Amino acid sequence: MTTKNQKISRRHISGVFLLNKPLGLSSNAALQKVRWLYRAQKAGHTGALDPLATGLLPICLGEATKFSHYLLDSTKRYQTTVRLGQTTTTGDVEGEILQERPIPVLSQELIEQTLEKFRGDIQQVPPMYSALKKEGKPLYELARKGIEIEREARPVTIYALELIEFTENSITLDVTCSKGTYIRVLGEDIGEALGCGGHLTMLNRTQTGHFELIPSYTIEYLESLTEEQREALLLPVYAPVDHFLKIQVPEGREKYFCNGLESNIEHSAEAEVLVFSGERCLGLAEITDKKRLIPKRILNL
């Protein structure tokens with residue numbers, strides 16, 4: 001058993017774990033817990049969730065971190081509940097109530113008419129309580145001091161926005177959106193469009209890119225397993241880009257690729273590809289229009 005004062009022996013382990021992040025824990029704290037359990041030398045997550053939010057937080061260990069940015073840029077899917085009639089300082093249940101307003105009599109038709117305004121390409125003003133920076137300082141630091149600055153609206157895309165259920169003072173939604181979308185802001189804006197304001201009381205991420213939430217993959221579950229059992233849960237290093245075209249490196253060119261050298265290749269694709277030598281993934285490369293294979297991410301496995 002490891003005590004607080006004992007150093008953990010870190011190891012060179014690589015792969016992707018699809019964590020179901022719990023309520024109340026920051027993404028970084030969740031990341032560090034998973035890293036500690038795997039004793040990994042290096043780890044990174046693929047898009048932060050607020051402490052209020054739960055759900056899918058893919059954790060990249062070791063060499064998998066070389067592909068994490070592909071998930072940062074990917075489509076996300078959430079389920080969220082908006083409490084209507086109340087606005088808060090943070091846009092969610094953790095903030096102080098700013099205003100209370102009467103809620104209209106809700107109906108399926110009224111809600112659907114309102115949601116239609118938010119489907120497709122829309123503009124969003126980032127919240128003050130966010131990690132965006134102004135002159136090197138995160139906006140949330142300014143917000144905590146009561147300082148509010150003007151923020152420019154940004155384009156985001158809501159690919160799907162479906163009503164799951166509603167009560168007299170809340171609506172629960174299923175949202176599929178582009179990177180950079182603030183669900184808190186979406187909830188606030190829908191509340192405003194209904195004429196009463198609103199804030200989030202629940203947010204659960206169910207999908208990141210092609211990864212889907214596995215509810216049982218919790219920190220408590222990881223803690224209950226042996227090291228060998230934990231390793232069995234890891235997806236391959238290249239899992240974030242598993243949907244990319246896979247090719248075999250030309251025979252005898254493995255060392256050239258691993259040393260970052262270009263190769264000629266008889267392939268018509270002009271795209272990023274995963275490069276293999278047998279069953280071993282060597283990394284990510286780009287095939288040019290001149291049929292040159294250019295290494296972009298080389299794996300050290």
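The values are calculated or read from the model by the stated rules, or taken from the named source; none is laboratory data. Computed from a predicted model, the values in this text were never measured in an experiment. Glycine also receives a Cβ, built like all others from the backbone with ideal geometry; neighbour counts cover every protein chain displayed. Accessible surface is based on the protein model in full, side chains and every heavy atom, while ligands, DNA and RNA are left aside. Shrake-Rupley method; radii C 1.70, N 1.55, O 1.52, S 1.80 Å.
Hey, what did the chain get for relative contact order, percent, Cα under 8 Å, at least 6 apart? Intermediate values should be presented prior to the final figure.
Values: 627 pairs, mean separation 62.7, N = 301.
Relative contact order here is 21 percent.
Which of (1) 179; (2) 138; (3) 154 is the computed volume of the Cα convex hull per residue in Å³ for the structure on display?
Correct label, based on the coordinates given: (1).
Starting with the highest mean, order 28-37, 234-243 by the number of other Cβ atoms within 10 Å, averaged over the residues of each peptide.
Working: 28-37: 16.8, 234-243: 19.2.
Top of the packing list down: 234-243, 28-37.
Full extension from Glu100 to Lys42: what is 0.36 nm times the residue separation minus their Cα-Cα distance, to one decimal in nm? Let's see the in-between values first.
Working: separation 58, 0.36 × 58 = 20.88 nm, distance 4.63 nm.
Here the segment from Glu100 to Lys42 would lengthen by 16.2 nm.
How much of the accessible area of the chain, in percent, comes from carbon and sulfur atoms when a 1.4 Å probe is used? Kindly include the intermediate steps, with their values, before the conclusion.
Working: 7570 of 15860 Å².
Solvent-exposed carbon and sulfur of the chain make up 48 percent of the total.
Rounding to the nearest 10 and keeping the result within 0 to 90°, find how far the Cα-based axis of helix 27-38 lies from the longest principal axis of the chain.
It works out to around 40 degrees.
Along the Cα→Cβ direction, 7 angstrom out, place labels at Asp121 and Thr167. What is the inter-label distance in nm?
3.9
How much FRET efficiency would the formula 1/(1 + (r/R0)^6) give for Arg280 and Ser107, where r is the Cβ-Cβ distance and R0 is 41 Å, rounded to 0.05? Before the final figure, lay out each step's value.
Working: r = 58 Å, r/R0 = 1.42.
For Arg280 and Ser107, the calculated efficiency is 0.10.
Excluding ligands and nucleic acids, what accessible area in Å² is computed for Tyr159 using a 1.4 Å probe, to the nearest 10?
130
Might you work out the accessible area of Ser170 for me, using a 1.4 Å probe with all protein chains in place, and round it to the nearest 10 Å²?
20
Using the Cα gyration tensor of segment 244-298, with a ≥ b ≥ c the square roots of its eigenvalues, what is the shape: rounded (a/c below 1.5), prolate (a/b larger than b/c) or oblate (neither)? Could the numbers behind the result be given before it?
On the way: a/c = 1.44, a/b = 1.26, b/c = 1.15.
Rounded, because the longest to shortest axis ratio a/c is under 1.5.
Looking at the chain as a GNM with Cα springs under 10 Å, which of Cys196, Cys177, Cys258 has the largest mean-square fluctuation?
Highest fluctuation among the options: Cys258.
Pick out which of Ser26, Ser178, Ser277 has the largest mean-square fluctuation in a Gaussian network model of the chain, springs linking Cα atoms closer than 10 Å.
With Cα springs under 10 Å in the chain, the top fluctuation among Ser26, Ser178, Ser277 is at Ser277.
Which residue fluctuates the most in the chain, going by a Gaussian network model with Cα springs under 10 Å, if the choices are Gly260, Gly44, Gly15?
Between Gly260, Gly44, Gly15, it is Gly260 that shows the largest mean-square fluctuation.
Suppose a student asked you for the relative contact order of segment 243-301, using Cα pairs under 8 Å spaced at least 6 residues apart; what percent would you report?
Working: 116 pairs, mean separation 19.8, N = 59.
So the answer I get is 34 percent.
Using the structure shown, select from Lys21/Lys42; Lys246/Lys291; Lys179/Lys255; Lys76/Lys290; Lys21/Lys296; Lys246/Lys290 the pairs with a Cα to Cα distance greater than 25 angstrom. Before the final figure, lay out the partial values.
Details: Lys21/Lys42 19 Å; Lys246/Lys291 15 Å; Lys179/Lys255 37 Å; Lys76/Lys290 35 Å; Lys21/Lys296 31 Å; Lys246/Lys290 19 Å.
Listed pairs above 25 Å: Lys179/Lys255; Lys76/Lys290; Lys21/Lys296.
Where only protein heavy atoms count, and the probe is 1.4 Å, what is the accessible area per residue for the chain in Å²? Write out the running numbers ahead of the final one.
Details: 15860 Å² over 301 residues.
Ligands and nucleic acids excluded, the result is 53 Å² per residue.
If I take R0 = 41 Å and measure r between the Cβ atoms of Glu227 and Asp73 in this structure, what FRET efficiency does the formula 1/(1 + (r/R0)^6) give, to the nearest 0.05?
Details: r = 32 Å, r/R0 = 0.79.
For Glu227 and Asp73, the calculated efficiency is 0.80.
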